[in-house]
Amino acid sequence: MARYLISFNNGAMDIPEEDLPEVGKAAHAVIQEAKDAGVFVFTGGLPLDAEYDVVATDGTITDGPYPESKEFIGGILVVDVPTREAALEWAAKTAVACRCAQDVREFLYDPAV
């Protein structure tokens with residue numbers, strides 16, 4: 001099994017406010033399906049106005065992202081599935097539910113963890 005990060009960029013869910021309850025219900029249904037299938041690991045979202053800092057290797061702390069950053073993660077789903085194709089299937093379900101495209105990336109295996 002491999003873990004995959006399925007994510008979308010902040011602002012990608014450009015939907016009318018009145019559709020939010022329906023989108024939330026659809027997204028929760030996909031999460032429940034992933035739980036029922038035994039592939040769910042973690043999910044969450046980041047607020048549009050999230051405050052965060054960057055901590056450099058020397059300990060210096062600066063406000064916000066690197067200036068060259070153009071896209072920020074808005075929400076994530078982590079699944080533990082046997083193949084990349086399976087991760088893509090979960091991403092497709094998530095894309096339909098959230099009404100926006102999803103990125104899929106494999107987490108690198110760390111045998112020490």
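Taking amide H atoms as placed 1.01 Å from N in the peptide plane, the amide H of Asp103 lies under 5 Å from those of Ser7, Phe8, each 5 or more residues away in sequence or on another chain.
For the stretch 81-96, the Karplus equation 6.51 cos²θ - 1.76 cosθ + 1.60, evaluated at θ = phi - 60°, returns couplings of 10, x, 9, 4, 4, 5, 4, 5, 5, 5, 5, 5, 5, 5, 4, 5 Hz by residue, with Gly and Pro reported as x.
What is the local net charge at Ala2, summed over the other residues whose Cβ is closer than 9 Å to its Cβ (Lys, Arg +1; Asp, Glu -1)? That works out to 0.
Please pull out the direction-averaged projected area of the chain, using the convex hull of its alpha-carbon atoms, in nm² to one decimal place.
Mean projected area for the chain: 8.8 nm², to one decimal.
Heavy atoms of the protein chains alone define the surface here; on that basis the chain has 70 Å² accessible area per residue at 1.4 Å probe size.
Comparing Ala87, Ala95, Ala56 in a Gaussian network model of the chain where C-alpha atoms under 10 Å apart are linked, the largest mean-square fluctuation is found at Ala56. Only Lys, Arg, Asp and Glu carry charge here, each on its Cβ (+1 for the first two, -1 for the last two); on that basis the chain has a dipole of about 460 debye about its Cα centre.
Residues whose amide H comes within less than 5 Å of that of Met13, counting only those at least five positions distant or on another chain, are absent (H built at 1.01 Å from N in the peptide plane). Between the amide H of Leu46 and those of Gly75, distances stay under 5 Å, these residues lying 5 or more places away or on another chain, with hydrogens modeled in the peptide plane. Helical runs assigned H by DSSP (4 residues or longer) give the chain a calculated mean residue ellipticity at 222 nm of -9500 deg cm²/dmol, each run adding -39500 (n - 2.57) before division by the residue total.
Extension gain for Glu18 to Arg99 (0.36 nm times residue separation, less C-alpha to C-alpha distance): 27.8 nm.
To the nearest 0.05, what FRET efficiency results for Arg84 and Ala56 with a Förster distance of 30 Å applied to their C-beta separation? Don't skip to the answer; put the middle values down first.
Values: r = 34 Å, r/R0 = 1.12.
Result of the calculation: an efficiency of 0.35.
Let me make sure I get this right: for the stretch 21-63, a, b and c are the square roots of the gyration tensor eigenvalues over alpha carbons, sorted descending. Under 1.5 in a/c it's rounded, otherwise prolate if a/b > b/c, else oblate. Which is it? Oblate is the answer for the stretch 21-63, as a/c is 1.5 or above yet b/c matches or exceeds a/b.
The values are calculated or read from the model by the stated rules, or taken from the named source; none is laboratory data. Only a predicted model underlies this, so the values are computations on that prediction, with no experimental measurement involved. Note: ideal-geometry Cβ built from the backbone for every residue, glycine included; neighbour counts use all protein chains shown. Areas reflect the complete protein model, heavy atoms only, side chains present, ligands, DNA and RNA absent. Shrake-Rupley method; radii C 1.70, N 1.55, O 1.52, S 1.80 Å.
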